[in-house]
2 protein chains.
Amino acid sequence: MAMHQAIWHGGDIGTARTLFPDAPEPWIDLSTGINPYSYPLPDIPASAWQRLPACAEETALVDAARAAYRVPARAGIVAAPGTQILIELLPLLAPGATRVAVVGPTYGEHARTWRKAGHAVEEIAEPAAADAAQVVVLVNPNNPDGRIVPPARLAALGQDIAARGGLLVVDEAFADFDGDASLVPFLPPATVILRSFGKTYGLAGVRLGFAIAEPTLAQVLADRLGPWAVAGPALHVGARALGDPDWLRTAARDRAADAARLDGLLGRAGRVAGGTSLFRLLETAEAPALFDRLGRAGIYVRRFQDQPHRLRFGLPAGETAWARLDAALQVNRP
Amino acid sequence: MAMHQAIWHGGDIGTARTLFPDAPEPWIDLSTGINPYSYPLPDIPASAWQRLPACAEETALVDAARAAYRVPARAGIVAAPGTQILIELLPLLAPGATRVAVVGPTYGEHARTWRKAGHAVEEIAEPAAADAAQVVVLVNPNNPDGRIVPPARLAALGQDIAARGGLLVVDEAFADFDGDASLVPFLPPATVILRSFGKTYGLAGVRLGFAIAEPTLAQVLADRLGPWAVAGPALHVGARALGDPDWLRTAARDRAADAARLDGLLGRAGRVAGGTSLFRLLETAEAPALFDRLGRAGIYVRRFQDQPHRLRFGLPAGETAWARLDAALQVNRP
């Protein structure tokens, strides 16, 4: 990943160190929406590292994902080494689209990818403004503001878009803790839904994501990924974690409590404008100065190139981190 | 991976079990060219699983790969989650090519991918027959026969192809044990060289491969993979293993000895028609019957859909495996 990308994504403490060379260590990384309480890593058999991933192992992962995400039997599902690479492939599913609408502001990789593939991309404020766009892209719940468009409304939108020969993309990277927000059980035609493994399970380094779509669309993505797309250890860890609904239920409850606690701290520094159980969005005119003050205190949060009044905060883990964040936010002016 | 693909690739013991349900366990898998003596897995820090792969970690891997493969400073290099996905992306580098020539018979994924992307693909017997093809694809050393085209000849070919605005693809998946066979130090223009991590190091489940090319070509591939393409554990294991030339030297010597021993056994069943230190190619009119006989004895080898007189054998590991192979080959007629 080139450094210029890293500066505007979160998750790279090397970037934080470059920006704030005098900050105290260890850094507290709140720059992502990755669960800081990871799913416990199971023992991984040596064969998962040594052998090519086998059909049976891929099937076990996909079966676990179908159950966890409530994928209809009629739908296809493709596992990939991270959602990012699926985002990069989506323009293959609508090669002739002249108008692509991204509901935003949102995660920047969607607009970037469609533009890179040669499409005209416009940002729209809500799905109703999609008008006659052939491709509509929505992150739901949205990143960074957590706005949720109800599945029933998206199902209707998907039908409309299918009727005009288009494509609806719904990125559910942050839907795991809120099953009711998911469009997966109601998958409309001409719709691709993305799910991410690493954020909820706190295992972003594993690189594992899924696309759920009608079988013909899913097959285009699978063909482009080719065989053995997902690493053996990722198949093993993913199947175990996705097959553990008890862990998910407990994590959803605990992270919601963390998010509420975080809102309590952030409310002193500005307006909490939403988020999910894995990140909260702060709006304040002082955001650039606050980013700097937090950085100098060794706390790395997510800023946005085109939304200078916003900062996104991931969840602190452990009382030391909470205390350091509390202290850094106490000072009212930088 | 769909079952119909698995039947003609190696490496999936589930497929072998389906083909030969009564075979004795454990299976001896000789169906791949993966080193059965894996690089010892280092301890992997929890952060490699939990965090997004960081720039510094990717840089460490790429630096180790540059040194191991002797990549010229002027050249670009891209790390990917397996060579397969790079093969799938190569048609992006020559979108207008009307004639693609693959030197064969060889690894089938190259022709399959270019055809899938809509190109006319012809198989040619040697690079000199490339004629005016815009794209020439060569596996060097070749899989399955081990034929090596000297780098000096390929460098000249690359210059010719560059002069006519084409692309040369050299897949060096099996070049690690024979540094003199590599074109990397002499990288011509308009040339992409692929290197695979998993075969030599016996860690195919890790999914790690590289493309080496002039920076503009490498950037097209990097852009399409997007950020965080390689998993954290793969970055860690890959950097460690590629930075260990002593292990590579010992493995090259030991696997060459295994290959010579394997030739001794195979010579009784037909003609050894070449190979590398990780696999040997047997030619015999009895190949289909021998495939069945070995399968019924729990030994899975690689057959070829369009070359029914050939079988490819990976290296046995351990005296039990050698003895079982020896016994299964003793019977001269099926």
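Of the set (1) more than 14 Å from chain A (Cβ to nearest Cβ); (2) farther than 20 Å from B:ARG310 by Cα, all apply to B:ALA117 but (1). Consider segment B:218-227 and keep the residues that are more than 8 Å from chain A (Cβ to nearest Cβ) and touching a helix residue (DSSP H, G or I) at 6+ places or on another chain (Cβ under 7 Å). The one that is surrounded by the fewest Cβ atoms within 10 Å (Cβ to Cβ) is B:VAL220. Inspection of segment A:45-56 finds no residue satisfying the criterion of being at pLDDT 95 or above and away from every other protein chain (no Cβ under 14 Å). Filtered by the rule that a residue be in contact with a Gly (Cβ under 9 Å, 6 or more places away or on another chain), open to solvent by 10 Å² or more (accessible area, probe 1.4 Å) and not in a loop (DSSP other than H, G, I, E, B), segment B:151-183 gives a lone residue, B:ASP160. Pull up segment A:228-254, narrow it to residues that are buried (at least 21 other Cβ atoms within 10 Å of the Cβ) and of a type outside the set (Gly, Ala, Ser), then point me to the one that is farthest from the other protein chains (Cβ to nearest Cβ). Of everything passing the filter in segment A:228-254, A:LEU242 is farthest from the other protein chains (Cβ to nearest Cβ).
Output the residue which, of all residues in segment A:79-107 that are within 11 Å of chain B (Cβ to nearest Cβ), in contact (Cβ under 8 Å) with a residue 60 or more places away in the chain and not aliphatic (A, V, I, L, M), is farthest from A:THR276 (Cα to Cα). By that ranking, first place goes to A:PRO81.
Yes or no, residue by residue, for (1) open to solvent by 70 Å² or more (accessible area, probe 1.4 Å); (2) within 25 Å of the chain's Cα centre (by Cα); (3) farther than 17 Å from B:ALA211 by Cβ; (4) of a type outside the set (Gly, Ala, Ser):
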{"position": "B:PRO42", "(1), (2), (3), (4)": "no, yes, yes, yes"}
{"position": "B:ALA46", "(1), (2), (3), (4)": "no, no, yes, no"}
{"position": "B:PRO53", "(1), (2), (3), (4)": "no, no, yes, yes"}
{"position": "B:LEU61", "(1), (2), (3), (4)": "no, yes, no, yes"}
{"position": "B:ALA65", "(1), (2), (3), (4)": "no, yes, no, no"}
{"position": "B:ARG70", "(1), (2), (3), (4)": "yes, yes, no, yes"}
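Quick check on A:GLY33: is it crowded, with 22+ Cβ neighbours inside 10 Å, under 26 Å from A:THR276 (Cα atoms) and facing chain B (nearest Cβ under 9 Å)? Answer is no for this residue. Test A:PRO188 against the criterion of being within 14 Å of another protein chain (Cβ to nearest Cβ), more than 19 Å from B:LEU52 (Cα to Cα), open to solvent by less than 10 Å² (accessible area, probe 1.4 Å) and in a loop (DSSP other than H, G, I, E, B), and give yes or no. When the stated conditions are applied, A:PRO188 does not pass them. So how many residues does segment B:242-297 have that are touching a Phe, Trp or Tyr at 6+ places or on another chain (Cβ under 7 Å) and modelled with pLDDT under 95? Result for segment B:242-297: 0.
The values are calculated or read from the model by the stated rules, or taken from the named source; none is laboratory data. Every value quoted in this text rests on a predicted model; they were computed, and no experiment measured them. Positions of Cβ are generated from backbone atoms using ideal geometry, with glycine treated the same way; all protein chains shown enter the neighbour counts. Surface accessibility is based on the protein's heavy atoms, side chains included, excluding ligands, DNA and RNA. Shrake-Rupley method; radii C 1.70, N 1.55, O 1.52, S 1.80 Å.
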